[in-house]
1. Output the qualifying pairs, or none if there are none: Cβ atoms under 8 angstrom, residues six or more apart or on different chains, first residue in the range 136-150 and at pLDDT 90 or above, second residue among the hydrophobic types (A, V, I, L, M, F, W, C) and assigned to a loop (DSSP other than H, G, I, E, B).
2. Residues that are part of a loop (DSSP other than H, G, I, E, B) and among the basic types (K, R): does the range 110-121 have at least one?
3. Would the range 57-64 turn up any residue that is free of Cβ contacts under 8 Å to residues at least 60 places away in the same chain and within 26 Å of V31 (Cα to Cα)?
4. For L119, only one of the following conditions fails: (1) of a type in the set (A, V, I, L, M, F, W, C); (2) surrounded by fewer than 14 Cβ atoms within 10 Å (Cβ to Cβ); (3) under 27 Å from S57 (Cβ atoms). What is its number?
5. From (1) surrounded by fewer than 19 Cβ atoms within 10 Å (Cβ to Cβ); (2) more than 16 Å from I20 (Cβ to Cβ), pick out the condition that doesn't hold for V105.
6. Tally up the residues in the range 22-39 that are more than 18 Å from K76 (Cα to Cα) and open to solvent by less than 60 Å² (accessible area, probe 1.4 Å), please.
7. Check every one of the strands (runs of 3 or more DSSP E) wholly within the range 1-109 and list those with 1 or more residues that are at pLDDT 95 or above and of a type in the set (G, A, S).
8. Could you go through the range 67-89 and let me know if any residue there is more than 13 Å from P21 (Cβ to Cβ), open to solvent by less than 30 Å² (accessible area, probe 1.4 Å), in contact with a Lys or Arg (Cβ under 8 Å, 6 or more places away or on another chain) and in contact (Cβ under 8 Å) with a residue 60 or more places away in the chain.
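The values are calculated or read from the model by the stated rules, or taken from the named source; none is laboratory data. Note that this is a predicted model, so its numbers are computed, not measured. Glycine also receives a Cβ, built like all others from the backbone with ideal geometry; neighbour counts cover every protein chain displayed. Note: accessible area is taken over every heavy atom of the protein model, side chains too, but ligands, DNA and RNA are not part of it. Shrake-Rupley method; radii C 1.70, N 1.55, O 1.52, S 1.80 Å.
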Amino acid sequence: MLDTEFVIFDIETTDAELDIPEIVEIGAVLVSSNLKIEDEFEAFVRPAHLENFTRYSQELTGISHRSLESAEPWSKVWRAWAEFTRFKQRRLFSWTAFDPFILRVEYRRLRLEYPHADLPICIPSMVYFYAACRGWNQRTFSLSAIADEFGITREKNHRALHDAVTALKILREIHSSNPANNSSDDEPFRLFEV
């Protein structure tokens, strides 16, 4: 059971085919123990190498070069982000292991110690367990595929805040289908008590 607030976050980057992409957008929701959104965080981040944010990335995310040119660099954004997560006090959840990895890389570039709790929770591992217990034969655990499986409509694909909200909706679906949870909206989130 989670008895405290936690943060679900997502990032968008320059082209992922690069050796080490840079963050161009970070979005997150602060979630209460009963899976309600308490606060949101969203910021564009100007990458050091804007040229690595190609036309493909622009079309995928809908983020323009103009939006990134006027954004602050990670060296200015990171503190507001770390304060939103209350540094090591709030557990981070993400859809992929890629996002926490890129966060660590960005902190290393600034020669900063990683300011968050260790071991972020990777949501697809929870979805995989849920699926295995129910006999799903999922071929992919992409955010869009799992959202489709649950009938969750996504507002915008590959936008950080919207993807974080979609991940939360998936957690709510898992929570509501767990027989250990009663139907109360105030009931804390329990992980897979069968």
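1. Between residues of the range 136-150 that are at pLDDT 90 or above and residues that are among the hydrophobic types (A, V, I, L, M, F, W, C) and assigned to a loop (DSSP other than H, G, I, E, B), the close pairs are L143/W95.
2. yes
3. no
4. (3)
5. (2)
6. Adding up the residues that qualify gives 7.
7. So the answer is 23-31, 37-44, 91-94.
8. The answer is no; no qualifying residue exists.
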